[in-house]
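Reviewing the structure listed below.
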Amino acid sequence: MNGIRTDGLDGTLTFRTHKIGEGTIGLNANAAYLLRYDVVPPADLGAPALRYAGTERGSPDQAYPRFKGNATLDWSSPAYGISFTARYISGVDERDDVHRLGAVFYGDIQAYFSPAWMNHRARVTLGVNNLFDRDPPACYTCQSANFDPTTYDLPGQFGYLRLSFGF
C-alpha cells in the first residue's frame, strides 16, 4: 500500500466589535499545526515511510512547516477601511540534515475607499505585501533560485492597486 498519511490541528478565531464611529474593528486569526506528513512508498519496495513534517523536501521544492499562522486586524466601514495582516511560517530542517530554513514573519497592509456616490459598489484598494521587505530563507537543497517559492514569498515588496465593482 502506498499513499500519504497526515495529521494536524487547525484553529480559527473571528471577532468583530460593535460600531465604533463609522465602522467596526475586526480580528481574524487562522493557525495550523502539522503533526504528521508521511509519504508511504509501495509495499513491494520495502522502503520506510518518508517523514516530512518539519522539513524542506528540496527536490522538488516543498516545505512542511510544523506551524503556520496568519492574523488580520482591520477597521472597516462601508466607505473606507484599513487592515494589517501578519503571516508566520515556522522554521524547517533541510533533508541534508545540515541546513535549516529559519522562521519567517511577513506583514501586509491595505487600505480601501468606496465612494457613497456609487452606492459603495465600487472600491479602490491600495496595498503592499511583504511590507517589511523580508527575504525568504536560503535553501541549499532547493532547485529554484536558492529558496522555496512554493512556501515563501518572492524576494521584495509587492505593491498593488485594485479597482473592483460589485453588481
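The values are calculated or read from the model by the stated rules, or taken from the named source; none is laboratory data. Being a predicted model, the structure only gives us computed values, none of them experimental. Every residue, glycine as well, gets a Cβ built from its backbone with ideal geometry; the counts of neighbours run over all protein chains shown. Areas reflect the complete protein model, heavy atoms only, side chains present, ligands, DNA and RNA absent. Shrake-Rupley method; radii C 1.70, N 1.55, O 1.52, S 1.80 Å.
The C-beta contact set for region 117-136 (first residue free of Cβ contacts under 8 Å to residues at least 24 places away in the same chain, second residue buried (at least 17 other Cβ atoms within 10 Å of the Cβ), distance under 9 angstrom, 6+ apart or interchain) comprises 135/104; 135/147; 135/152; 135/153. Take region 96-108 and flag every residue that is part of a loop (DSSP other than H, G, I, E, B) and open to solvent by 90 Å² or more (accessible area, probe 1.4 Å). Answer for region 96-108, where residues must be part of a loop (DSSP other than H, G, I, E, B) and open to solvent by 90 Å² or more (accessible area, probe 1.4 Å): 97, 98.
Scanning region 16-47 for residues that are within 22 Å of residue 79 (Cβ to Cβ), exposed (fewer than 11 other Cβ atoms within 10 Å of the Cβ) and either within 28 Å of the chain's Cα centre (by Cα) or not hydrophobic (A, V, I, L, M, F, W, C) (or both) turns up 18, 19, 21.
When you scan region 48-68, do you find a residue that is out of contact with any Asp or Glu (no Cβ under 9 Å at 6 or more places or on another chain), part of a strand (DSSP E or B) and in contact (Cβ under 8 Å) with a residue 12 or more places away in the chain, even just one? Within region 48-68, one or more residues are out of contact with any Asp or Glu (no Cβ under 9 Å at 6 or more places or on another chain), part of a strand (DSSP E or B) and in contact (Cβ under 8 Å) with a residue 12 or more places away in the chain. Residues considered: 72, 85, 12. Of these, the only one that is within 22 Å of the chain's Cα centre (by Cα) and either modelled with pLDDT under 95 or more than 28 Å from residue 119 (Cβ to Cβ) (or both) is 12. Across region 71-95, the number of residues qualifying as farther than 21 Å from residue 35 by Cα, open to solvent by less than 60 Å² (accessible area, probe 1.4 Å) and not in a strand (DSSP E or B) comes to 2. Taken as a whole, the condition of being touching a Pro at 6+ places or on another chain (Cβ under 7 Å) and in contact (Cβ under 8 Å) with a residue 40 or more places away in the chain applies to residue 2. Within region 124-145, the residues that satisfy the criterion of being part of a loop (DSSP other than H, G, I, E, B), within 19 Å of the chain's Cα centre (by Cα) and either modelled with pLDDT of 95 or more or not small (Gly, Ala, Ser) (or both) are 130, 131, 132, 133, 134, 135, 136, 137, 139.
Within the bounds of region 146-158, is there any residue that is closer than 29 Å to residue 29 by Cβ and outside any loop (DSSP other than H, G, I, E, B)? Yes, there is a match, as at least one residue in region 146-158 is closer than 29 Å to residue 29 by Cβ and outside any loop (DSSP other than H, G, I, E, B). If I filter region 143-162 for residues that are open to solvent by 30 Å² or more (accessible area, probe 1.4 Å), of a type in the set (Ser, Thr, Tyr) and closer than 30 Å to residue 19 by Cβ, do I get at least one hit? Among the residues of region 143-162, at least one is open to solvent by 30 Å² or more (accessible area, probe 1.4 Å), of a type in the set (Ser, Thr, Tyr) and closer than 30 Å to residue 19 by Cβ, which makes the answer yes. Return a yes/no flag: does region 109-123 have any residue that is at pLDDT 95 or above and under 19 Å from residue 88 (Cβ atoms). Yes, there is a match, as at least one residue in region 109-123 is at pLDDT 95 or above and under 19 Å from residue 88 (Cβ atoms). Note on region 109-128: residues that are open to solvent by less than 20 Å² (accessible area, probe 1.4 Å) and either within 15 Å of residue 161 (Cβ to Cβ) or of a type in the set (Phe, Trp, Tyr) (or both) amount to 4.
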